[in-house]
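Visitor: A single structure is presented below for examination.
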């Protein structure tokens, strides 16, 4: 494998980022003793051949055993490659500060003639950040009063539901770009109290979060308490200290935007008893003594003790955790509300810590044991039982919750119980998505009705319409746009709300269904390679109960999948299930337009700025239209009728035989027959005689005729017992022949009414 010079070690992606990218790409890394094994994204890898191990510096070592794909090709396929030459050619002295910090230049900030970042400050003055990182404020600037807003426009600031406050351009930009939350940049730590005070006075009901650097984590506790602010600091992620990072920009570069979201999302209000007396005015001791603690009771002798753990759980849930903590019996996990507007699964230990702090807050000087905390936690689990189901008339965005009826953007609330959100802001005046619409039209061969069908599908994915009981099957060869459509859908709902799998894995691995719980979209690849049972696919698309089972964990309750399913394949998905159950759930769209390699565009980067516009375009379609397109597809989309027939004959041998060998007539009836074989002799007196076996009565009985057809077509016939049931089901529900039925005729023979055999050769 080619090695990159030591000058560019910082360009090597981390081990975990490669594993996450492979998972998102659909390569499904499999854990092994030395690292992971996955399908190589750089070539058509049928069997996993890419070995991923972790180097001492935390970067990924990659080796493709099958095709010997090089390091660059693999990373390019995953979208993780940075060309070292691009960096090598740049002299640090001319690289702008914001470029080195890997953040954007946010208007009205700009670059001067020397590539210095110039940041206009409010209420007046400006901050200049040189390429080497040194900073200078313009003459006359009051550093104690100055700040800068990272936001789209003034309207967004006035309508904001939450603000973050941070020190420094790169730190504030990292928070804004990672979370989407409007962020105020203070010129220095000393300026933060002034900025927080101004924001709290101007926006008394808006949520404020102070985002401190690690070395300043203790400076703002009293400020946060006094101004009703949440407080967080880098670089704690999931309770693990990362000493090589110091601020949110370091955190973003080191671990990605998701890590920043994690930290900011877990910001908490400062408990009053955690503030040091040195940080605040000493409390009145008499008042403190007179305080009534929530969990304390006093007997007739004046002795204080804690109330029972079940009473404590009920009081804490009502006073501290109502709508903020939920226990989901399906997954046997705790959910905790985040300031970003969604609930996230939290480890048991983390929840116990939260409950412990609440008990400390409300117990006064009365001591308690670890078993008391454990008992209260268990009782709280029963108090807060709730399944993770979000409302169907609302959609969660970064900047608020959209009411689909009124089209008003509401503030985030825990009672909505969202476990995921669309990874961008709702904008009523979003960018025009014409570029995306034109691409969809091109991919579907210029069929506007199919474009509207896909629009309805996007709507269903965004909102969640499992009640429609349909899955989308996109058929096409490489370069036809299937991958782009998958990535577009995933970008709309967010990768965290998507699960990629293979049909074989879904049907055979009993632990796989647990991974789709709470997801908005399930993407299935390599479906054409599976020819077995599809009972799981039928269950998740038919709102049937699915067992939640994880390896080495106690099984939870059953659940119904609340999202949509997208299958992308080169050919139609076939199975051993010939009933109409799977066929009526299938919506097949053909991507026939293959783009030459030299003419392909980077559609992902073209589409990314237009995602909010695509969402608005999809949501503008009325629910009734969405339902009509997805449930009555054949009548609404004329161009798909032929595709539907091809799909039926390609995936269902019963339908194929009916189309080839049977005529329908209300007045006809034909015996079913059996699979008996006879030996027939061919050849006259002067000709050599040959013998062959054929099905008896194949020209006059249905089942032997079907078996003979299967022999000629290379199909495996189903048994006699399910034959009649499948013929009637296919005729009525797939070929629209409601008069076909089974009965006994006058001589007691079993016949199928409404069909007769065509004259065919043996």
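Each reported figure results from applying straightforward, stated rules to the coordinates on display, with no laboratory input. In this text the structure is predicted, and so the values were computed from the model without any measurement. For neighbour counting, all protein chains shown are included, and Cβ atoms are generated from backbone atoms with ideal geometry for every residue, glycine included.
Visitor: Taking the number of other C-beta atoms within 10 Å as the exposure measure, put 369, 124, 113 in order starting with the fewest. If you can, show how the numbers build up before the last one.
Guide: Values: 369 9, 124 12, 113 5.
Neighbour counts put them in this order, fewest first: 113, 369, 124.
Visitor: Express in nm, to one decimal, how much length is gained between residue 515 and residue 549 on full extension, taking 0.36 nm for each residue of separation and deducting their alpha carbon distance. Present the calculation step by step, with values, prior to reporting the outcome.
Guide: On the way: separation 34, 0.36 × 34 = 12.24 nm, distance 0.93 nm.
Taking 0.36 nm per residue and subtracting the Cα distance, the gain is 11.3 nm.
Visitor: Further question: Gain in length, residue 107 to residue 571, computed as 0.36 nm per residue apart minus the alpha-carbon separation, to one decimal in nm? Show your work: numbers first, answer last.
Guide: Working: separation 464, 0.36 × 464 = 167.04 nm, distance 4.84 nm.
Length gained between residue 107 and residue 571: 162.2 nm.
Visitor: Right, another one. Please give the length that would be gained between residue 360 and residue 158 if that part of the chain were fully extended, namely 0.36 nm times their separation in residues minus their C-alpha to C-alpha distance (nm, one decimal). Write out the running numbers ahead of the final one.
Guide: Working: separation 202, 0.36 × 202 = 72.72 nm, distance 3.81 nm.
Between residue 360 and residue 158, full extension yields an extra 68.9 nm.
Visitor: Also, I was wondering about something else. Given R₀ = 41 Å, what would the calculated FRET efficiency be for residue 44 paired with residue 469, taking r from the Cβ atoms and rounding to 0.05?
Guide: It comes to 0.80.
Visitor: Which of the three applies to the stretch 398-516, rounded, prolate or oblate, going by the alpha-carbon gyration tensor with a ≥ b ≥ c and a/c under 1.5 meaning rounded?
Guide: Details: a/c = 2.03, a/b = 1.11, b/c = 1.83.
In terms of gyration-tensor shape, oblate.
Visitor: Starting from the Cα of residue 206, step 7 Å along the direction of its Cβ; do the same at residue 95; then give the gap between the two resulting points in nm.
Guide: Placing both labels 7 Å along Cα→Cβ, they lie 3.5 nm apart.
Visitor: Mind pulling the angle between the C-alpha long axis of helix 348-362 and the longest principal axis of the chain? Nearest 10 degrees, somewhere in 0 to 90.
Guide: 40
Visitor: I would also like to ask the following. Can you sort 615, 395 from fewest to most other Cβ atoms within 10 Å of each residue's own Cβ? Write down the numbers at each step before the final one.
Guide: Values: 615 24, 395 21.
Ordered from fewest to most neighbouring Cβ atoms within 10 Å, 615, 395 come out as 395, 615.
Visitor: Here's a follow-up. As an exercise, use a Förster radius of 45 Å and the Cβ-Cβ distance of residue 55 and residue 403 to find the FRET efficiency, rounded to the nearest 0.05. Intermediate values should be presented prior to the final figure.
Guide: On the way: r = 49 Å, r/R0 = 1.10.
For residue 55 and residue 403, the calculated efficiency is 0.35.
Visitor: Quick check: pseudo-label points 7 Å beyond the Cα along Cα→Cβ at residue 374 and residue 666, how many nm apart are they?
Guide: Spacing of the two 7 Å Cα→Cβ label points: 7.5 nm.
Visitor: To the nearest 10 degrees, how steeply does helix 641-651 sit against the main Cα axis of the chain, on a 0 to 90 scale?
Guide: For helix 641-651, the angle is close to 80 degrees.
Visitor: Would you calculate, for the chain, the mean residue ellipticity at 222 nm contributed by helices, counting each DSSP H stretch of 4 or more residues as -39,500 (n - 2.57) and dividing by all residues, to the nearest 500?
Guide: Values: 28 runs with 250 residues, N = 762.
The per-residue figure over the chain is -9000 deg cm²/dmol.
Visitor: Starting with the fewest neighbours, write out 658, 61 ranked by other beta-carbon atoms found within 10 Å of each beta-carbon. The partial results should precede the final answer.
Guide: Working: 658 26, 61 15.
Ascending Cβ contact count within 10 Å gives the list 61, 658.
Visitor: Describe numerically, in nm with one decimal, the distance between label points set 7 Å from Cα along Cα→Cβ at residue 641 and at residue 144.
Guide: Using points 7 Å along Cα→Cβ, the separation is 8.0 nm.
Visitor: Taking the structure as given and computing semi-axes √(5λ) of the Cα gyration tensor in Å, which label from (i) 59, 38, 22; (ii) 59, 33, 24; (iii) 89, 30, 23 fits?
Guide: (ii)
Visitor: Further question on the same structure: How big, on average over all directions, is the shadow cast by the Cα convex hull of the stretch 115-165, in nm²?
Guide: Here the figure is 4.5 nm², rounded to one decimal.
Visitor: Using the beta-carbon distance between residue 136 and residue 218 and R0 = 30 Å, what value does 1/(1 + (r/R0)^6) give for FRET efficiency, to the nearest 0.05?
Guide: Working: r = 28 Å, r/R0 = 0.95.
Here the calculated transfer efficiency is 0.60.
Visitor: Report, in degrees rounded to the nearest 10, the 0 to 90 angle that the Cα long axis of helix 192-202 makes with the longest principal axis of the chain.
Guide: 70
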